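The block underneath contains the structure these notes are about, expressed in structure tokens.
The values are calculated or read from the model by the stated rules, or taken from the named source; none is laboratory data. Note that the structure is predicted; figures quoted are calculated from it, not measured. Positions of Cβ are backbone-derived with ideal geometry, glycine not excepted, and every protein chain shown enters the neighbour counts.
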């Protein structure tokens, strides 16, 4: 069973990320164990100014961040109410296979592999132009929604 596609307002309601550090444009498929998202990297993204000015490529760490944001969106559908914000605790077996350039669109597929108490184990595949750009496994837990800055 697949939920209807999410738009930007739905994404904002599900996770706390915002521009310029939101790397999901839309959710195109989602069920309780799998999500597929898209992101198009605009030529004017802030990081292309320095990575690298004469041959801009999307930093690999941002491909990982996009995958973890997709994972957070997946986990947001696992709970009736949001008990916390998914926060990454580790990444394993990260592999970069293809550079992603300005103007290209990535598709991010994340699967929930296992849940052990408050820990979630996921794997991700990021593709661009039907080629694998990155693969990774990651884990996260849920951080409290309480504002620790108030007192």
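Without any contact (Cβ under 8 Å) to a residue 60 or more places away in the chain and crowded, with 18+ Cβ neighbours inside 10 Å, is that true of residue 47?
no
With respect to residue 97, determine if the residue is modelled with pLDDT of 95 or more and in contact with a helix residue (DSSP H, G or I) (Cβ under 7 Å, 6 or more places away or on another chain).
It is false that residue 97 is modelled with pLDDT of 95 or more and in contact with a helix residue (DSSP H, G or I) (Cβ under 7 Å, 6 or more places away or on another chain).
Residue check, residue 68 against (1) touching a strand residue (DSSP E or B) at 6+ places or on another chain (Cβ under 9 Å); (2) without any contact (Cβ under 8 Å) to a residue 60 or more places away in the chain, all met but one. Which one?
The single condition residue 68 does not satisfy is (2).
For residue 44, all conditions in the list (1) assigned to a loop (DSSP other than H, G, I, E, B); (2) out of contact with any helix residue (DSSP H, G or I) (no Cβ under 8 Å at 6 or more places or on another chain); (3) within 22 Å of residue 96 (Cβ to Cβ); (4) modelled with pLDDT of 95 or more hold save one; what is the number of the exception?
Of the numbered conditions (1) assigned to a loop (DSSP other than H, G, I, E, B); (2) out of contact with any helix residue (DSSP H, G or I) (no Cβ under 8 Å at 6 or more places or on another chain); (3) within 22 Å of residue 96 (Cβ to Cβ); (4) modelled with pLDDT of 95 or more, the odd one out for residue 44 is (3).
Would you be able to tell me the number of residues in region 6-44 that are surrounded by 18 or more Cβ atoms within 10 Å (Cβ to Cβ), in contact with a strand residue (DSSP E or B) (Cβ under 7 Å, 6 or more places away or on another chain), closer than 17 Å to residue 134 by Cβ and in contact (Cβ under 8 Å) with a residue 60 or more places away in the chain?
Residues in region 6-44 being surrounded by 18 or more Cβ atoms within 10 Å (Cβ to Cβ), in contact with a strand residue (DSSP E or B) (Cβ under 7 Å, 6 or more places away or on another chain), closer than 17 Å to residue 134 by Cβ and in contact (Cβ under 8 Å) with a residue 60 or more places away in the chain: 5 in total.
Would you mind telling me which numbered condition in (1) at pLDDT 95 or above; (2) not in a helix (DSSP H, G or I) residue 1 fails?
(1)
Taking the stated definitions as given, is residue 75 within 23 Å of residue 134 (Cα to Cα), surrounded by 13 or more Cβ atoms within 10 Å (Cβ to Cβ) and at pLDDT below 95?
So residue 75 passes the test.
Quick test of your reading of the structure: residue 56 fulfils all but one of (1) under 21 Å from residue 96 (Cβ atoms); (2) in a loop (DSSP other than H, G, I, E, B); (3) free of Cβ contacts under 8 Å to residues at least 40 places away in the same chain; (4) touching a helix residue (DSSP H, G or I) at 6+ places or on another chain (Cβ under 9 Å). Name the failing condition by number.
(3)
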